[in-house]
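Quick notes on the structure that follows.
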Amino acid sequence: MPDVIDRYQDFRTRRFLRNEEKFQHWLPGWRIQKRRRALVVTLCATFACMIVVAAICLVNMLGAVLWLPVVVVFLPVWTTLQVVSGRQSDAPRDALDERELRQRDSARSIGLTVTQCLAMVPAFALIVAGSSDGAITFPTYSAGMFVLTALIIGACTPAMILAWTRTDPEPDDYLTEAA
């Protein structure tokens, strides 16, 4: 069995390195820390909108229509952040050096904690709504949106942390990337 896992990890590493080579020249102006932080802030605002939409859906199912524009903003911002941060948050172990590996693992640990804490909120809300007399009209749909938002936030947290904390590349890196 370890042979299958090792082969899969080798495949993931090769694919990651191939994609890294392909995308490393994309969006060079967005790879600076200031722009990456702007993308992180935009993602945080998008997550806040997702939470508001889920809260609206507690009492009005028409609020679900608002989910689409939020997703339309989320997808390109998330994709851009992944490209400009080099997808370090989900890179295979063999594609990272020791420092990058420590940073990635630390960010993933924080992301898991965020996911667990945020997912508990809708779980408790469902327990309360299940015992109430119906003041909340659509608790299950809304809770589903809250759980989905919690999972998205938790999944994005490692990349957001790494994008926020990573320093700007050295000017020499730009010259070698352009060559």
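The values are calculated or read from the model by the stated rules, or taken from the named source; none is laboratory data. Remember, predicted model here, so these are calculated numbers, not experimental data. Cβ sites come from the backbone with ideal geometry, for glycine too, and all protein chains shown count toward neighbours.
All but one of (1) at pLDDT 90 or above; (2) surrounded by 14 or more Cβ atoms within 10 Å (Cβ to Cβ); (3) of a type outside the set (G, A, S) hold for I32, so report the exception by its number.
(1)
Can we say L39 is within 17 Å of C156 (Cβ to Cβ) and touching a residue at least 60 places away in the same chain (Cβ under 8 Å)?
yes
Scan the stretch 47-62 residue by residue and report those that are assigned to a loop (DSSP other than H, G, I, E, B) and surrounded by fewer than 17 Cβ atoms within 10 Å (Cβ to Cβ).
Correct list: V59, N60.
Select from the stretch 81-125 the residues that are part of a helix (DSSP H, G or I), closer than 18 Å to F16 by Cβ and of a type in the set (G, A, S) and list them in ascending order.
Once the filter is applied, which keeps residues that are part of a helix (DSSP H, G or I), closer than 18 Å to F16 by Cβ and of a type in the set (G, A, S), the stretch 81-125 yields S89, A95, A107.
Please verify whether T79 is within 20 Å of the chain's Cα centre (by Cα), among the hydroxyl-bearing types (S, T, Y) and within 29 Å of T167 (Cα to Cα), treating the condition exactly as stated.
Yes; evaluated as a whole, the condition is true for this residue.
Condition first: surrounded by 18 or more Cβ atoms within 10 Å (Cβ to Cβ) and of a type in the set (V, I, T). Can you find one or more residues in the stretch 98-113 that meet it?
No: zero hits.
Under 7 Å between Cβ atoms, which residue pairs at least 6 apart in sequence (or on different chains) link something in the stretch 65-88 that is within 15 Å of A45 (Cβ to Cβ) and without any contact (Cβ under 8 Å) to a residue 40 or more places away in the chain with a partner that is of a type in the set (S, T, N, Q) and surrounded by 14 or more Cβ atoms within 10 Å (Cβ to Cβ)?
Pairs found: V70/T46; V73/T46; V77/T42; V77/T46.
For R15, only one of the following conditions fails: (1) loosely packed, with under 13 Cβ neighbours inside 10 Å; (2) modelled with pLDDT under 90; (3) under 20 Å from L101 (Cβ atoms); (4) not β-branched (V, I, T). What is its number?
So the condition that R15 fails would be (2).
Going through the stretch 68-88 one residue at a time, which ones are surrounded by fewer than 18 Cβ atoms within 10 Å (Cβ to Cβ), at pLDDT 90 or above and either in contact with a Pro (Cβ under 7 Å, 6 or more places away or on another chain) or not hydrophobic (A, V, I, L, M, F, W, C) (or both)?
P69, P76, T79
Would you mind telling me which numbered condition in (1) of a type in the set (A, V, I, L, M); (2) modelled with pLDDT of 85 or more; (3) out of contact with any Cys (no Cβ under 9 Å at 6 or more places or on another chain); (4) crowded, with 16+ Cβ neighbours inside 10 Å V65 fails?
(4)
Is it the case that the stretch 20-36 has a residue that's over 30 Å from D97 (Cβ atoms), in a helix (DSSP H, G or I) and not hydroxyl-bearing (S, T, Y)? If you could, list the steps in order and put the result at the bottom.
Narrowing the stretch 20-36 to residues over 30 Å from D97 (Cβ atoms): none.
Scanning the stretch 20-36, I find no residue that is over 30 Å from D97 (Cβ atoms), in a helix (DSSP H, G or I) and not hydroxyl-bearing (S, T, Y), so the answer is no.
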